[in-house]
Amino acid sequence: IFIEKWANELGIPIKANLVDFNYIVQKVWDENFNYDMYMLGWGLTLYPDYLVDFFHSKRMGPGDFNTPGYNNPEFDKVADEFLAATSIEEARKLAFKLQEMLAEDLPYLVLFSSPIHEAYRADQIVFPYEETLDGLQGVNALPAAVKTVE
C-alpha cells in the first residue's frame, strides 16, 4: 500500500492489488509476463550466483527465476564467465560488472535488504569446510554436509 501511496504522490497512477503469496507466484511465473509490477521477497546468499539465476536469459520462462524477462546478451556472456571463474578474485570482478549492468538496465528495483543472523553451537556442529560464504541457510554452504558432533 505504501508504494501505491508514494507513486500516486509522485504523479504515477498505480493501484495496489493485495493478494496472497500463491497468487503472486502464479502470476509472476506466467509465461506471458502479464503484470506491471510485483513485490516479493527473496533470501539471498552471500556468493552472488543468484545474479545468474535471476537475470540470465536462459532462466526466462514459466517456472524459472528471470521473472522480469530480462534479456541482455552481454550480461549473459559475463554471467557465463562468472560461473566459470576459477578464483574468488575473478568471480568478484565479474560479479561487480554484472551488478553495474543491472544498475544501468534496472530489470529489478530492490526496496530493502534485511540481514540474516545465524547462531549455532560450535561444540555441537562441525563444518567440513572453512570460511563458508553462505552460512547455515545458504545453498553454496552445503548444509547437507554439516554434521552434528557425537
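The values are calculated or read from the model by the stated rules, or taken from the named source; none is laboratory data. Keep in mind that this is a model prediction, so the values were computed, not measured. Here the Cβ is made from the backbone with ideal geometry for all residues, glycine too, and neighbour counts use every protein chain on show.
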Somewhere in region 87-96, is a residue under 30 Å from residue 7 (Cβ atoms) and surrounded by fewer than 16 Cβ atoms within 10 Å (Cβ to Cβ)?
no
Would you mind stating whether residue 57 is free of Cβ contacts under 8 Å to residues at least 24 places away in the same chain, of a type in the set (S, T, N, Q) and touching a Phe, Trp or Tyr at 6+ places or on another chain (Cβ under 8 Å)?
yes
Checking residue 131 against (1) in a loop (DSSP other than H, G, I, E, B); (2) at pLDDT 80 or above, which single condition isn't satisfied?
(2)
Residues of region 71-98 being at pLDDT below 95 and among the polar types (S, T, N, Q), in sequence order, are 86, 87
Any hit, region 37-48, residues being at pLDDT 85 or above and surrounded by 10 or more Cβ atoms within 10 Å (Cβ to Cβ)
yes
Residue tally, condition among the aromatic types (Phe, Trp, Tyr) and over 22 Å from residue 79 (Cβ atoms), over region 1-52
6
Restricting attention to region 8-32, the residues that are part of a loop (DSSP other than H, G, I, E, B) and either of a type in the set (Lys, Arg) or exposed (fewer than 13 other Cβ atoms within 10 Å of the Cβ) (or both) number exactly 11
